[in-house]
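Participant: My questions will all concern the structure given below.
The values are calculated or read from the model by the stated rules, or taken from the named source; none is laboratory data. Since the model is a prediction, treat every value here as computed from it, not as a measurement. Virtual Cβ from ideal backbone geometry, glycine too; neighbours counted across all protein chains shown. For accessibility, only protein heavy atoms count, side chains too; no ligands or nucleic acids. Shrake-Rupley method; radii C 1.70, N 1.55, O 1.52, S 1.80 Å.
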Amino acid sequence: MSPAGFQVGSPLESQGIPSFLWTKEDLKIVQKDLMAHVEDRWKSDAGRKGNGLRWRVRYRNNQNKHRTKSFHRRTEADRFAREIERSLDYGTFIDPKVSQITFDDYASNWLNNANNLRETTVVSYEGIIRNHFVPLLGSTPLAALTPDDFRHLIKRCQANGLSDSSINKICRTAKTILQTAVNDRIIHHNPLDGVRFPKESQKEIRFLTVPQLAGLVEAIDPHYQTFVLSAGILGARSGELRGLHPRNLDLKVGQLNVVEQLTEVRGTVKIVPPKTSAGTRKITLPKFLVSHLEEQTAERSTEDLVFPTENGAPIRRSNFTQRIWQPAIKAAGLNGFTFHELRHTAVALSIQIGAHPKAIQERLGHSSITVTLDRYGHLFPALDEALADGFDQAYGKTLASPPRPKELN
(Lines give C-alpha, C1' and ligand atoms only; values in the text may rest on other atoms or scores of the structure.)
Protein backbone atom coordinates (compact mmCIF):
# COMPACT_ATOMS: atom_id res chain seq x y z
CA MET A 1 0.00 0.00 0.00
CA SER A 2 1.26 3.48 -0.87
CA PRO A 3 2.13 5.85 1.97
CA ALA A 4 -0.68 8.22 2.96
CA GLY A 5 -0.83 11.28 0.76
CA PHE A 6 1.03 9.76 -2.18
CA GLN A 7 -0.52 8.52 -5.41
CA VAL A 8 -0.08 5.10 -6.95
CA GLY A 9 1.64 5.27 -10.28
CA SER A 10 4.82 7.04 -9.21
CA PRO A 11 8.12 6.46 -11.05
CA LEU A 12 9.20 4.00 -8.35
CA GLU A 13 6.17 1.78 -8.84
CA SER A 14 6.50 2.06 -12.61
CA GLN A 15 10.01 0.64 -12.16
CA GLY A 16 8.61 -2.33 -10.29
CA ILE A 17 9.61 -1.25 -6.77
CA PRO A 18 6.65 -2.05 -4.44
CA SER A 19 5.69 0.62 -1.94
CA PHE A 20 6.39 -1.53 1.14
CA LEU A 21 10.10 -1.63 0.12
CA TRP A 22 10.45 2.16 -0.15
CA THR A 23 13.20 3.73 1.96
CA LYS A 24 13.25 7.25 3.37
CA GLU A 25 15.24 8.31 0.35
CA ASP A 26 12.57 6.71 -1.87
CA LEU A 27 9.90 8.73 -0.10
CA LYS A 28 11.84 11.90 -0.78
CA ILE A 29 11.95 10.98 -4.46
CA VAL A 30 8.19 10.38 -4.49
CA GLN A 31 7.50 13.62 -2.65
CA LYS A 32 9.71 15.53 -5.06
CA ASP A 33 7.84 14.02 -7.99
CA LEU A 34 4.39 14.85 -6.64
CA MET A 35 5.10 18.37 -5.36
CA ALA A 36 6.32 21.43 -7.23
CA HIS A 37 10.09 21.66 -7.10
CA VAL A 38 12.71 23.96 -8.61
CA GLU A 39 15.70 22.71 -10.54
CA ASP A 40 18.75 24.47 -12.02
CA ARG A 41 18.71 23.73 -15.73
CA TRP A 42 22.28 24.94 -16.16
CA LYS A 43 23.54 22.30 -13.69
CA SER A 44 21.41 19.45 -15.01
CA ASP A 45 22.49 20.19 -18.59
CA ALA A 46 26.10 21.41 -18.81
CA GLY A 47 25.70 22.32 -22.46
CA ARG A 48 22.91 24.78 -21.60
CA LYS A 49 24.93 26.82 -19.10
CA GLY A 50 24.53 30.52 -19.75
CA ASN A 51 21.77 29.98 -22.33
CA GLY A 52 18.02 30.28 -21.84
CA LEU A 53 15.96 30.49 -18.67
CA ARG A 54 17.92 28.96 -15.81
CA TRP A 55 15.32 27.94 -13.20
CA ARG A 56 12.61 25.43 -14.02
CA VAL A 57 9.63 24.45 -11.86
CA ARG A 58 8.38 20.90 -12.25
CA TYR A 59 4.99 19.86 -10.87
CA ARG A 60 1.92 17.73 -11.50
CA ASN A 61 -1.37 19.47 -12.16
CA ASN A 62 -4.72 18.51 -10.62
CA GLN A 63 -5.09 15.81 -13.30
CA ASN A 64 -1.71 14.28 -12.39
CA LYS A 65 -0.09 15.48 -15.61
CA HIS A 66 3.51 16.75 -15.65
CA ARG A 67 3.92 20.48 -16.19
CA THR A 68 6.97 22.75 -16.26
CA LYS A 69 7.58 26.49 -16.28
CA SER A 70 10.95 28.26 -16.48
CA PHE A 71 12.15 31.57 -15.05
CA HIS A 72 15.18 33.83 -15.16
CA ARG A 73 15.43 34.21 -11.38
CA ARG A 74 15.36 31.66 -8.58
CA THR A 75 13.08 33.88 -6.47
CA GLU A 76 10.45 33.93 -9.25
CA ALA A 77 10.63 30.15 -9.60
CA ASP A 78 10.32 29.63 -5.81
CA ARG A 79 7.32 31.96 -5.65
CA PHE A 80 5.60 30.14 -8.52
CA ALA A 81 6.28 26.74 -6.92
CA ARG A 82 4.75 27.89 -3.63
CA GLU A 83 1.67 29.23 -5.43
CA ILE A 84 1.23 25.96 -7.30
CA GLU A 85 1.48 23.87 -4.13
CA ARG A 86 -0.90 26.17 -2.24
CA SER A 87 -3.53 26.12 -5.02
CA LEU A 88 -3.30 22.34 -5.28
CA ASP A 89 -3.71 22.01 -1.51
CA TYR A 90 -6.75 24.33 -1.42
CA GLY A 91 -8.32 23.01 -4.59
CA THR A 92 -8.03 26.35 -6.41
CA PHE A 93 -5.47 25.27 -8.97
CA ILE A 94 -5.79 26.72 -12.48
CA ASP A 95 -3.54 25.07 -15.03
CA PRO A 96 -1.55 27.90 -16.71
CA LYS A 97 -1.27 25.85 -19.90
CA VAL A 98 -5.03 25.32 -20.16
CA SER A 99 -5.82 28.98 -19.47
CA GLN A 100 -3.82 29.95 -22.55
CA ILE A 101 -6.63 28.74 -24.81
CA THR A 102 -7.89 31.66 -26.89
CA PHE A 103 -11.29 33.23 -26.40
CA ASP A 104 -12.25 32.29 -29.96
CA ASP A 105 -11.39 28.60 -29.49
CA TYR A 106 -13.06 28.37 -26.10
CA ALA A 107 -16.22 30.17 -27.25
CA SER A 108 -16.54 27.88 -30.28
CA ASN A 109 -15.98 24.81 -28.12
CA TRP A 110 -18.52 26.10 -25.59
CA LEU A 111 -21.13 26.52 -28.29
CA ASN A 112 -20.43 23.09 -29.80
CA ASN A 113 -20.93 21.46 -26.40
CA ALA A 114 -24.09 23.38 -25.48
CA ASN A 115 -26.76 20.72 -25.96
CA ASN A 116 -29.69 22.62 -24.43
CA LEU A 117 -29.92 25.50 -26.92
CA ARG A 118 -32.51 25.97 -29.61
CA GLU A 119 -31.27 26.12 -33.19
CA THR A 120 -32.25 29.76 -33.51
CA THR A 121 -30.24 30.55 -30.37
CA VAL A 122 -27.22 28.67 -31.72
CA VAL A 123 -27.37 30.68 -34.95
CA SER A 124 -27.60 33.90 -32.94
CA TYR A 125 -24.57 32.97 -30.80
CA GLU A 126 -22.59 31.96 -33.88
CA GLY A 127 -23.17 35.42 -35.32
CA ILE A 128 -22.11 37.14 -32.09
CA ILE A 129 -18.91 35.09 -31.84
CA ARG A 130 -18.05 35.57 -35.53
CA ASN A 131 -18.92 39.26 -35.85
CA HIS A 132 -17.98 40.68 -32.45
CA PHE A 133 -15.70 38.39 -30.43
CA VAL A 134 -13.34 37.08 -33.12
CA PRO A 135 -12.31 40.45 -34.66
CA LEU A 136 -11.45 42.10 -31.35
CA LEU A 137 -10.82 39.38 -28.74
CA GLY A 138 -10.61 36.10 -30.62
CA SER A 139 -6.84 35.53 -30.36
CA THR A 140 -6.57 36.68 -26.73
CA PRO A 141 -5.88 33.89 -24.19
CA LEU A 142 -8.64 33.51 -21.60
CA ALA A 143 -6.22 34.26 -18.77
CA ALA A 144 -5.19 37.53 -20.42
CA LEU A 145 -8.70 38.98 -20.82
CA THR A 146 -9.37 42.09 -18.74
CA PRO A 147 -12.43 44.24 -17.98
CA ASP A 148 -10.97 46.96 -20.21
CA ASP A 149 -11.11 44.56 -23.17
CA PHE A 150 -14.88 44.42 -22.83
CA ARG A 151 -15.26 48.13 -22.16
CA HIS A 152 -13.47 48.65 -25.46
CA LEU A 153 -15.80 46.12 -27.10
CA ILE A 154 -18.82 48.05 -25.81
CA LYS A 155 -17.44 51.36 -27.15
CA ARG A 156 -16.74 49.77 -30.52
CA CYS A 157 -20.28 48.41 -30.74
CA GLN A 158 -21.69 51.82 -29.83
CA ALA A 159 -19.52 53.49 -32.48
CA ASN A 160 -20.91 51.02 -35.03
CA GLY A 161 -24.44 52.11 -34.20
CA LEU A 162 -25.64 49.00 -32.35
CA SER A 163 -28.59 49.46 -30.03
CA ASP A 164 -28.18 49.16 -26.27
CA SER A 165 -30.26 45.96 -26.26
CA SER A 166 -27.99 44.39 -28.92
CA ILE A 167 -24.85 45.37 -26.99
CA ASN A 168 -26.29 43.92 -23.78
CA LYS A 169 -27.03 40.68 -25.58
CA ILE A 170 -23.42 40.51 -26.80
CA CYS A 171 -22.07 41.21 -23.30
CA ARG A 172 -24.41 38.70 -21.64
CA THR A 173 -23.26 36.06 -24.11
CA ALA A 174 -19.60 36.77 -23.33
CA LYS A 175 -20.30 36.71 -19.59
CA THR A 176 -22.06 33.34 -19.85
CA ILE A 177 -19.17 31.86 -21.84
CA LEU A 178 -16.55 33.14 -19.42
CA GLN A 179 -18.53 32.07 -16.36
CA THR A 180 -18.42 28.55 -17.78
CA ALA A 181 -14.64 28.91 -17.99
CA VAL A 182 -14.59 29.93 -14.32
CA ASN A 183 -16.78 26.96 -13.39
CA ASP A 184 -14.47 24.68 -15.38
CA ARG A 185 -11.54 26.14 -13.43
CA ILE A 186 -9.80 27.40 -16.54
CA ILE A 187 -9.66 31.00 -15.26
CA HIS A 188 -9.88 32.38 -11.72
CA HIS A 189 -12.56 35.02 -12.26
CA ASN A 190 -14.90 36.43 -14.87
CA PRO A 191 -13.39 39.59 -16.40
CA LEU A 192 -16.91 40.89 -17.09
CA ASP A 193 -17.75 41.05 -13.38
CA GLY A 194 -18.10 44.71 -12.54
CA VAL A 195 -18.27 45.89 -16.16
CA ARG A 196 -21.31 48.13 -16.62
CA PHE A 197 -23.47 47.33 -19.58
CA PRO A 198 -25.33 50.12 -21.40
CA LYS A 199 -28.57 51.02 -19.70
CA GLU A 200 -31.48 50.11 -21.93
CA SER A 201 -34.08 52.81 -22.23
CA GLN A 202 -37.66 51.65 -21.90
CA LYS A 203 -39.16 51.61 -25.36
CA GLU A 204 -42.50 53.26 -25.76
CA ILE A 205 -45.12 50.58 -26.32
CA ARG A 206 -47.25 51.38 -29.34
CA PHE A 207 -50.66 49.88 -29.88
CA LEU A 208 -53.70 50.43 -32.04
CA THR A 209 -57.17 51.59 -31.13
CA VAL A 210 -60.10 49.50 -32.28
CA PRO A 211 -60.78 51.79 -35.29
CA GLN A 212 -57.08 51.69 -36.25
CA LEU A 213 -57.02 47.90 -36.02
CA ALA A 214 -60.14 47.69 -38.16
CA GLY A 215 -58.55 50.04 -40.71
CA LEU A 216 -55.37 47.95 -40.83
CA VAL A 217 -57.34 44.74 -41.37
CA GLU A 218 -59.24 46.43 -44.17
CA ALA A 219 -55.97 47.52 -45.83
CA ILE A 220 -54.40 44.02 -45.67
CA ASP A 221 -54.69 41.61 -48.58
CA PRO A 222 -57.97 39.68 -47.93
CA HIS A 223 -56.08 36.37 -47.78
CA TYR A 224 -54.28 37.58 -44.62
CA GLN A 225 -57.00 39.62 -42.91
CA THR A 226 -57.98 36.95 -40.36
CA PHE A 227 -54.29 36.30 -39.65
CA VAL A 228 -53.75 39.97 -38.73
CA LEU A 229 -57.03 40.26 -36.81
CA SER A 230 -56.20 37.16 -34.74
CA ALA A 231 -52.82 38.64 -33.80
CA GLY A 232 -54.40 41.93 -32.73
CA ILE A 233 -57.12 40.28 -30.63
CA LEU A 234 -55.42 37.19 -29.17
CA GLY A 235 -51.89 38.53 -28.66
CA ALA A 236 -50.39 35.30 -30.02
CA ARG A 237 -46.88 35.55 -31.43
CA SER A 238 -46.31 35.61 -35.17
CA GLY A 239 -44.64 32.18 -35.18
CA GLU A 240 -47.45 30.69 -33.08
CA LEU A 241 -50.06 31.76 -35.63
CA ARG A 242 -47.96 30.96 -38.69
CA GLY A 243 -47.35 27.46 -37.33
CA LEU A 244 -50.92 26.84 -36.12
CA HIS A 245 -52.21 23.40 -37.20
CA PRO A 246 -55.98 22.94 -37.77
CA ARG A 247 -56.05 20.17 -35.15
CA ASN A 248 -55.11 22.79 -32.54
CA LEU A 249 -58.05 25.03 -33.38
CA ASP A 250 -61.38 23.92 -31.87
CA LEU A 251 -64.04 26.28 -33.21
CA LYS A 252 -66.90 24.36 -31.62
CA VAL A 253 -65.49 24.98 -28.15
CA GLY A 254 -64.00 28.33 -29.21
CA GLN A 255 -60.43 27.58 -28.23
CA LEU A 256 -56.96 27.84 -29.77
CA ASN A 257 -54.26 25.55 -28.37
CA VAL A 258 -50.70 26.85 -28.62
CA VAL A 259 -48.43 23.80 -28.61
CA GLU A 260 -45.99 24.61 -31.42
CA GLN A 261 -44.69 27.47 -33.50
CA LEU A 262 -43.08 28.06 -36.86
CA THR A 263 -39.47 29.21 -36.97
CA GLU A 264 -36.88 29.79 -39.68
CA VAL A 265 -33.33 28.50 -39.19
CA ARG A 266 -30.72 29.11 -41.91
CA GLY A 267 -33.48 29.55 -44.46
CA THR A 268 -35.34 26.37 -43.50
CA VAL A 269 -38.85 26.49 -42.07
CA LYS A 270 -39.44 24.28 -39.03
CA ILE A 271 -42.23 23.57 -36.56
CA VAL A 272 -40.89 23.55 -32.99
CA PRO A 273 -42.36 23.60 -29.45
CA PRO A 274 -42.76 26.94 -27.61
CA LYS A 275 -39.64 28.29 -25.94
CA THR A 276 -40.98 27.81 -22.42
CA SER A 277 -43.60 25.69 -20.68
CA ALA A 278 -45.66 28.86 -20.14
CA GLY A 279 -45.78 29.27 -23.91
CA THR A 280 -47.89 26.12 -24.16
CA ARG A 281 -51.38 27.39 -23.39
CA LYS A 282 -55.06 27.54 -24.35
CA ILE A 283 -56.57 30.79 -25.64
CA THR A 284 -60.35 31.25 -25.55
CA LEU A 285 -61.73 32.87 -28.70
CA PRO A 286 -64.31 35.67 -28.76
CA LYS A 287 -67.37 34.72 -30.78
CA PHE A 288 -66.83 37.33 -33.49
CA LEU A 289 -63.36 35.92 -34.15
CA VAL A 290 -64.74 32.37 -34.33
CA SER A 291 -66.86 33.40 -37.34
CA HIS A 292 -63.79 34.83 -39.07
CA LEU A 293 -61.84 31.64 -38.37
CA GLU A 294 -64.66 29.47 -39.68
CA GLU A 295 -64.39 31.28 -42.98
CA GLN A 296 -60.58 31.05 -42.86
CA THR A 297 -60.52 27.28 -42.32
CA ALA A 298 -63.22 26.69 -44.95
CA GLU A 299 -61.67 28.82 -47.71
CA ARG A 300 -57.97 29.43 -47.13
CA SER A 301 -56.48 26.90 -44.69
CA THR A 302 -54.62 23.72 -45.68
CA GLU A 303 -54.43 20.33 -44.00
CA ASP A 304 -51.34 21.46 -42.09
CA LEU A 305 -51.71 25.23 -41.65
CA VAL A 306 -54.56 27.47 -40.55
CA PHE A 307 -52.74 30.51 -41.98
CA PRO A 308 -50.78 29.57 -45.14
CA THR A 309 -49.73 31.74 -48.09
CA GLU A 310 -51.87 31.97 -51.21
CA ASN A 311 -50.17 28.87 -52.62
CA GLY A 312 -50.51 26.87 -49.38
CA ALA A 313 -46.91 27.27 -48.15
CA PRO A 314 -45.87 28.46 -44.67
CA ILE A 315 -45.78 32.24 -44.25
CA ARG A 316 -42.18 33.43 -44.15
CA ARG A 317 -41.67 36.48 -41.98
CA SER A 318 -39.49 38.51 -44.37
CA ASN A 319 -41.63 37.82 -47.44
CA PHE A 320 -44.83 38.69 -45.57
CA THR A 321 -43.32 41.91 -44.22
CA GLN A 322 -42.18 43.13 -47.62
CA ARG A 323 -45.08 41.99 -49.82
CA ILE A 324 -48.10 42.29 -47.53
CA TRP A 325 -47.39 44.18 -44.31
CA GLN A 326 -45.46 47.23 -45.52
CA PRO A 327 -47.97 48.23 -48.24
CA ALA A 328 -50.86 47.77 -45.77
CA ILE A 329 -49.47 49.91 -42.94
CA LYS A 330 -48.62 52.61 -45.47
CA ALA A 331 -52.16 52.54 -46.84
CA ALA A 332 -53.58 52.65 -43.28
CA GLY A 333 -51.35 55.59 -42.29
CA LEU A 334 -49.43 53.51 -39.73
CA ASN A 335 -45.88 53.82 -41.04
CA GLY A 336 -43.34 52.12 -38.77
CA PHE A 337 -45.87 49.95 -36.98
CA THR A 338 -44.60 46.35 -36.66
CA PHE A 339 -46.43 43.05 -36.65
CA HIS A 340 -45.17 42.34 -33.12
CA GLU A 341 -46.94 45.48 -31.92
CA LEU A 342 -50.22 43.72 -32.63
CA ARG A 343 -49.35 41.74 -29.49
CA HIS A 344 -49.17 45.03 -27.57
CA THR A 345 -52.48 46.01 -29.13
CA ALA A 346 -54.13 42.84 -27.79
CA VAL A 347 -52.86 43.69 -24.30
CA ALA A 348 -54.06 47.28 -24.46
CA LEU A 349 -57.52 46.25 -25.65
CA SER A 350 -57.70 43.62 -22.87
CA ILE A 351 -56.82 46.22 -20.24
CA GLN A 352 -59.46 48.59 -21.57
CA ILE A 353 -62.19 46.00 -20.95
CA GLY A 354 -60.94 45.36 -17.40
CA ALA A 355 -58.90 42.16 -17.82
CA HIS A 356 -56.90 41.08 -14.76
CA PRO A 357 -53.09 41.08 -15.20
CA LYS A 358 -52.98 37.35 -14.37
CA ALA A 359 -55.41 36.58 -17.20
CA ILE A 360 -53.30 38.65 -19.60
CA GLN A 361 -50.13 36.85 -18.47
CA GLU A 362 -51.62 33.43 -19.16
CA ARG A 363 -53.08 34.55 -22.48
CA LEU A 364 -49.72 35.89 -23.67
CA GLY A 365 -47.74 32.91 -22.39
CA HIS A 366 -45.43 34.93 -20.14
CA SER A 367 -43.37 32.98 -17.62
CA SER A 368 -44.67 35.07 -14.69
CA ILE A 369 -47.00 37.93 -13.92
CA THR A 370 -43.89 39.99 -13.12
CA VAL A 371 -42.89 39.88 -16.77
CA THR A 372 -46.35 41.09 -17.78
CA LEU A 373 -46.44 43.94 -15.26
CA ASP A 374 -42.86 45.01 -15.99
CA ARG A 375 -43.71 45.31 -19.66
CA TYR A 376 -47.29 46.55 -19.57
CA GLY A 377 -47.87 47.78 -16.03
CA HIS A 378 -47.95 51.43 -17.08
CA LEU A 379 -50.92 50.69 -19.37
CA PHE A 380 -53.12 49.71 -16.44
CA PRO A 381 -55.23 52.43 -14.79
CA ALA A 382 -54.20 53.63 -11.36
CA LEU A 383 -54.60 50.35 -9.49
CA ASP A 384 -54.14 52.01 -6.11
CA GLU A 385 -57.01 54.41 -6.80
CA ALA A 386 -59.18 51.54 -7.97
CA LEU A 387 -58.35 49.67 -4.76
CA ALA A 388 -59.38 52.65 -2.63
CA ASP A 389 -62.65 52.97 -4.56
CA GLY A 390 -63.31 49.28 -3.98
CA PHE A 391 -62.87 49.68 -0.22
CA ASP A 392 -65.30 52.60 -0.24
CA GLN A 393 -67.96 50.67 -2.12
CA ALA A 394 -67.61 47.44 -0.13
CA TYR A 395 -66.98 48.67 3.40
CA GLY A 396 -67.61 52.42 3.44
CA LYS A 397 -71.08 52.35 5.00
CA THR A 398 -70.15 49.86 7.71
CA LEU A 399 -66.87 51.39 8.74
CA ALA A 400 -67.64 55.09 8.27
CA SER A 401 -67.15 57.18 11.37
CA PRO A 402 -70.37 58.27 13.15
CA PRO A 403 -71.45 61.89 12.71
CA ARG A 404 -70.01 64.25 15.28
CA PRO A 405 -72.52 65.82 17.71
CA LYS A 406 -73.14 69.52 17.30
CA GLU A 407 -71.41 71.67 19.86
CA LEU A 408 -73.68 72.93 22.63
CA ASN A 409 -74.30 76.65 22.69
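Participant: With 27 Å as the limit, write out which pairs from K270/K330; K169/K270; K175/K270; K155/K175; K199/K270 have Cα-Cα distances beyond it, or answer none.
Facilitator: K270/K330; K175/K270; K199/K270
Participant: First select every other residue whose beta carbon is under 13 angstrom from the beta carbon of N113; then total the charges, Lys and Arg +1, Asp and Glu -1. Mind showing how you got there, number by number?
Facilitator: Numbers: positive: none; negative: D105, D184.
Local net charge: -2.
Participant: Out of the GluC sites (Glu not before Pro) in region 225-292, which ones are loop residues according to DSSP with at most 11 other C-beta atoms within 10 Å?
Facilitator: none
Participant: Right, something else. Ignoring ligands, DNA and RNA, what percent of the accessible area of region 271-402 is carbon or sulfur (1.4 Å)?
Facilitator: Carbon-and-sulfur percentage of accessible area, whole number: 54.
Participant: Further, regarding this structure: If I model region 240-394 as equal point scatterers sitting on the Cα atoms and use the Debye formula, what is log10 I(q)/I(0) at q = 0.12 Å⁻¹?
Facilitator: The computed values of log10 I(q)/I(0) come out as -0.65.
Participant: How many times 2.2 N^0.38 Å is the alpha carbon radius of gyration of region 279-358? Don't skip to the end; give the middle numbers.
Facilitator: Details: Rg = 15.2 Å, N = 80, 2.2 N^0.38 = 11.6 Å.
Dividing the Cα radius of gyration by 2.2 N^0.38 Å gives 1.31.
Participant: May I pose another question? Could you work out how far apart the two model spin labels at R86 and E39 are, taking each label as a point 7 Å from the Cα in the direction of the beta carbon, and quote it in nm?
Facilitator: About 2.6 nm, to one decimal.
Participant: With label points built 7 Å along Cα→Cβ from the Cα atoms of L251 and T75, find their separation and express it in nm.
Facilitator: 8.8
Participant: Moving to a separate point now. Just in region 301-398: which GluC sites (Glu not before Pro) are loop by DSSP and have at most 11 other Cβ atoms within 10 Å?
Facilitator: When the GluC sites (Glu not before Pro) of region 301-398 are filtered for loop state and at most 11 Cβ neighbours within 10 Å, E303, E310 remain.
Participant: Moving on. Could the peptides 388-399, 189-200 be put in order, highest first, of the mean number of other beta-carbon atoms found within 10 Å of their residues? Intermediate values should be presented prior to the final figure.
Facilitator: Details: 388-399: 9.9, 189-200: 14.3.
Ranking the peptides 388-399, 189-200 by packing returns 189-200, 388-399.
Participant: Determine the distance separating the Cα centre of region 96-147 from the Cα centre of region 311-389; give it in Å without decimals.
Facilitator: Taking the Cα centre of region 311-389 as reference, the centre of region 96-147 is 36 Å away.
Participant: Excluding ligands, DNA and RNA, what is the solvent-accessible area per residue of region 291-370 at a probe of 1.4 Å, expressed in Å²?
Facilitator: Ligands and nucleic acids excluded, the figure is 52 Å² per residue.
Participant: May I pose another question? Quick one: Debye curve from the C-alpha atoms of region 121-245, no solvent, what's log10 I(q)/I(0) at q = 0.18, 0.22, 0.23 Å⁻¹?
Facilitator: Here the Debye-derived log intensity ratios amount to -0.94, -1.24, -1.32.
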